[in-house]
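**Student:** Below you will find the structure I want to go over with you.
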């Protein structure tokens, strides 16, 4: 039986990541009301990515140095409040400020939440525990567009304030639970202080961590590339007029894959989990993009299942590489690594402008080859083993 705090942290993860699905839905409405051009629209998305993902390692470092469980309720509040504010401003500058504020809330929650999820995990079940925490975020990302449509259905942008309600309620719950969170952090911190292993990060660990971040970057390019380009590719080149259901299948399958990937890594090893993920993705993505009929939704599910199945595994892997800096590890792999997906979409989009979208989709279908190579370079770490040697 998993610690009840773990499920609460997962629900918080779901709520804080709703914004990643809400923002793309409200952005066209904001662009119309504020007369934004495409560059300004892209800058809004970039501002959210920079503040919500790229700066997460900074919060991770602070989380390792200081006990800051209050970041979780604050992050939950700011993530929704910033989005609500974005729908009420009357200038482009204020819009960027509101989006940055929401992103900072997202960035503040993740390192502290994943660190606490790591601390409450049972021995030998770190992957399974992190899978429970991670699936909340994946569900939040997938449910965000539906939540945005529901809120806007009342009176359009006039009801945008509703996007902050889940965050406010969750923040109140987390404030109530803060004493329990602080007790867990104090107990684990004192245990870490008694650990005689050196806290200096060796060259070997840095090398492994770099390779792991590169693996996550490749995975993010595949994931983001498919999510953003499926709505363009299938209507234009496969004759499917409304491909949104394929994106939904892909994202839902990703949540299922997250739940399965953690226990798989606990039993068979993290590296094997990374390898299987990329091998299945390599086999499935090209047929998904080229076959017809009922195979398309089936392969969409398999692709989503395989690509995101290592979401929790890579976080646990990073935490084992940096056992005394789990906040930094979480920030790097949840934030910086995932944020690279936005950069990947920009690069892939430029390639599509130059060489065509089908060529770009073929590149995405081959990216798992690079993921397989990177997975082979990582150590084979199993549940229950001590952290990777610092020597």
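Here, each number is a calculation from the coordinates, and none is a lab measurement. Model, not experiment: these values are computed from the prediction. Cβ atoms come from the backbone with ideal geometry, glycine included; neighbour counts cover every protein chain shown.
**Student:** What ranking of 115, 182 emerges when the number of other C-beta atoms within 10 Å of each C-beta is taken as an exposure proxy, fewest first?
**Tutor:** Listing 115, 182 from fewest to most nearby Cβ atoms yields 182, 115.
**Student:** Continuing with this model, one more query. Out of these labelled values of semi-axes √(5λ) of the Cα gyration tensor in Å, [x] 57, 24, 19; [y] 50, 33, 18; [z] 32, 27, 18, which was calculated from the coordinates shown here?
**Tutor:** [z]
**Student:** Could you give the length gained on full extension between residue 210 and residue 183, defined as 0.36 nm per residue of separation minus the Cα-Cα distance, in nm? Walk me through the intermediate numbers first.
**Tutor:** Values: separation 27, 0.36 × 27 = 9.72 nm, distance 3.29 nm.
So the extension gain works out to 6.4 nm.
**Student:** Going by average Cβ neighbours within 10 Å, how do the peptides 230-239, 341-350, 6-15 rank, with the highest at the top?
**Tutor:** On the way: 230-239: 15.9, 341-350: 18.0, 6-15: 22.8.
Output ranking for 230-239, 341-350, 6-15: 6-15, 341-350, 230-239.
**Student:** May I have the extent of the alpha carbons of region 199-391 along their three principal axes, as whole Å values ordered from largest to smallest?
**Tutor:** 55, 33, 24
**Student:** At 222 nm, what helix-only mean residue ellipticity would the chain give, in deg cm²/dmol to the nearest 500, using -39500 (n - 2.57) for each DSSP H run of four or more? Before the final figure, lay out the partial values.
**Tutor:** Values: 16 runs with 301 residues, N = 391.
It lands at -26500 deg cm²/dmol.
**Student:** Shape call for region 39-132 from the C-alpha gyration tensor, a ≥ b ≥ c root eigenvalues: rounded (a/c under 1.5), prolate (a/b greater than b/c) or oblate? Working shown, then result.
**Tutor:** Details: a/c = 2.59, a/b = 2.39, b/c = 1.09.
Prolate, because a/c is 1.5 or more and a/b exceeds b/c.
**Student:** Return the equivalent ellipsoid semi-axes of region 1-194 as a descending list in whole Å, where each equals the square root of 5 times an eigenvalue of the C-alpha gyration tensor.
**Tutor:** Details: eigenvalues 207, 54, 37 Å².
Working through the eigenvalues yields semi-axes of 32, 16, 14 Å.
**Student:** Listed highest first by mean packing, meaning other Cβ atoms within 10 Å per residue, what order do 55-66, 351-362, 133-144 come in?
**Tutor:** Values: 55-66: 20.6, 351-362: 15.0, 133-144: 25.1.
Descending packing order for the listed peptides: 133-144, 55-66, 351-362.
**Student:** Over the chain, what relative contact order in percent results from Cα pairs under 8 Å that are six or more residues apart? Don't skip to the answer; put the middle values down first.
**Tutor:** On the way: 684 pairs, mean separation 100.9, N = 391.
That works out to 26 percent.
**Student:** Order these peptides, 166-172, 241-247, by their mean beta-carbon neighbour count within 10 angstrom, highest first. Please report the intermediate quantities before stating the final value.
**Tutor:** Numbers: 166-172: 19.9, 241-247: 14.4.
So the peptides 166-172, 241-247, ranked by packing, come out 166-172, 241-247.
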